[in-house]
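One structure is given below, encoded as structure tokens.
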Amino acid sequence: MWKVSLVLVSFALSGSFITPSQAQYMYLDANGDGLNSTSDRLNHIGTTTLDLWLDTYHDRTGAVVACSDGVTQITLSSYEFILRSGGGTINWGSYNNLQTGMSVSFGLASSPTDYHNGFGGSTYLPPGLYKLGSLTVSVASGNPGIVFAPATLLGSAYATTFGSQCPGHDFDNTLKLGGDWSDTGGIVTDVPTFSAVVPALGAAYLWFGTGAAPQSVAVGDFNGDGRPDFATANQGGNNVSVFLAQGDGTFRSYLPKADYVTGAQPKEVAIGDFNGDGKRDLVTSNFSANTVSILAGNGDGTFGSKSDVSVGTNPWGVSVGEFNGDGKQDLVVANSGSNTISILLGNGNGTFGSPTSYSTGVQPRRVAVTDLDAVAADLIVANAGSGTVSTFFGVGNGTFGARTDYFTGSSPSDIAIRDLGVGPGTAFDLAVAKGADSISVFPGNGDGTFGTRIDWPAGPQAVALASADYNGDNRFDLIVANGTGSQVNLLAGSPDPTKY
């Protein structure tokens, strides 16, 4: 049985209004060394004991800390914590409160994914290191990780906090995760077939009000200030919402949204320059209108009225590429109702030629543009209804060859093309999210074809994914969005090509 220590390290508060401190650190320790590292794991079989610790005298670097006045020491009178699992569920066992002076219970609540507990008293303990209690857990399903959450769906009054004589962000002598401190580190399950890391929850969730039922988001610099702006396709509002960054270096300060009308029920939004003026334009695929809408950018963050182009039935995905070598941007659209893709060759002035159609599998939903064979732009399509992905090799003149299908199972909904290290050399590999508890990875053969698929656990109902080097080790990782459980899972790239 693994024995896991949870250590909570305090921080220095400063300023008249307290802001989240990156020095605060709450983490799980599985091997007794007092650190959080890749060797700290939940036991997949049997139980794991979580020991909860709190240090109110030092930050994560070992420096002595104090309250916002820089003098008053951080005392302790109560504690409350929320643990959340992702990638699977947990059997939460018994909790033993070891602080006898904190005997007033704040309430136990749990679900297969969330656990809350806490205790308080009337006496302030001096700064120091305290073992708060111990919790026994076991894995119920999947390959879960456990992180700390600032709040929980179990009850609106629950939060991760500790009581102190320090004023706190809300000046209530309670220091809150997401308000007064934010740095956390979780723990994952000891599963040998891949490396799954559930990102820790930092600051409180940030919400941006969009139009109704947003379906996708695209990021780009819409006003030329070098800062990332974003747009959402809102299926229920028949519009796109555009958010412009104010430029304070965070994702908190976006100007109020501006909405622009599209065709009916836009499913996806993509960014391009369709009229060659060097300014970012938008395109949406409109499910009920059987069109794509082009919105020309003005270069100042605003967009003109839509221009519609007819495509196939129930268009879902849309991507931008250059298919015929003329230097003008073209479009490919996945038509889920007619089981086709539409190729729209750009004229370079914001208009497009008549669509050319190619048959796909059943209910194509996503389409990606890449160059698989170093000849011309190629296409990869995720077919939700037939459980396949289809590849189309580009000829270079705007046409494409016959499709090749690869069976994924389930309902593929998103795709990513990267050198994930599972194929030979630097060949592109194909990762597919398919609405199941795993993703499918097809090793690239180096010639644009793919080998036998490998299925990797990725948490419940993996519906979307993206790839980048998220941990700075020069290997591409995968981040997967899960349709249930309110979570994402990070699958870290491994030097072993059989693992991820």
Seminar exercise, completed: For Lys279, the accessible surface traced by a 1.4 Å probe with all protein chains present amounts, in square angstrom to the nearest 10, to 80
Seminar exercise, completed: Quick note, the range 334-420: a/c under 1.5 would make it rounded; otherwise a/b > b/c is prolate and the rest oblate (a ≥ b ≥ c, C-alpha gyration tensor); here it is oblate
For this session: Would you mind calculating the relative contact order of the range 259-340 from Cα pairs under 8 angstrom and at least 6 residues apart, reporting the percent as a whole number?
Result: 26
Problem set entry | Candidate residues Lys434, Lys328: accessible-area rank, largest first, probe 1.4 Å | Lys328, Lys434
Exercise. Does the range 287-382 come out rounded, prolate or oblate by the C-alpha gyration tensor, with a ≥ b ≥ c the root eigenvalues, rounded set by a/c under 1.5 and, if not, prolate when a/b is larger than b/c and oblate if not?
Worked result: oblate
For this session: Work out the FRET efficiency for Val219 and Asp371 from their Cβ-Cβ distance, taking R0 = 35 Å, and round it to the nearest 0.05.
Result: 0.95
Exercise. How much accessible surface does Val362 have with a 1.4 Å probe, in Å² rounded to 10?
Worked result: 60
For this session: Could you work out the Rg to Rh ratio of the range 336-484, with Rh taken as the Kirkwood radius (inverse of the mean 1/r over all Cα pairs)?
Result: 0.98
Seminar exercise, completed: 1/(1 + (r/R0)^6) with r = Cβ-Cβ of Asp473 and Ser138, R0 = 30 Å, i.e. FRET efficiency to nearest 0.05, evaluates to 0.45
Seminar exercise, completed: In terms of the alpha carbon gyration tensor, root eigenvalues a ≥ b ≥ c, rounded if a/c is under 1.5 and otherwise prolate when a/b exceeds b/c or oblate, the range 206-353 is oblate
Exercise. Label Thr313 and Thr404 with points 7 Å out from Cα along Cα→Cβ: what is the distance between them in nm?
Worked result: 3.0
For this session: Please work out how much accessible surface Glu268 shows to a 1.4 Å probe, ignoring ligands, DNA and RNA, in Å² rounded to 10.
Result: 30
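The values are calculated or read from the model by the stated rules, or taken from the named source; none is laboratory data. Everything numeric here is computed off the predicted structure, so don't read it as measured data. Methodologically, a virtual Cβ is constructed for each residue, glycine included, from the backbone with ideal geometry; neighbour enumeration extends over all protein chains shown. These area figures cover heavy atoms from the full protein model, side chains too; ligands, DNA and RNA do not enter into them. Shrake-Rupley method; radii C 1.70, N 1.55, O 1.52, S 1.80 Å.
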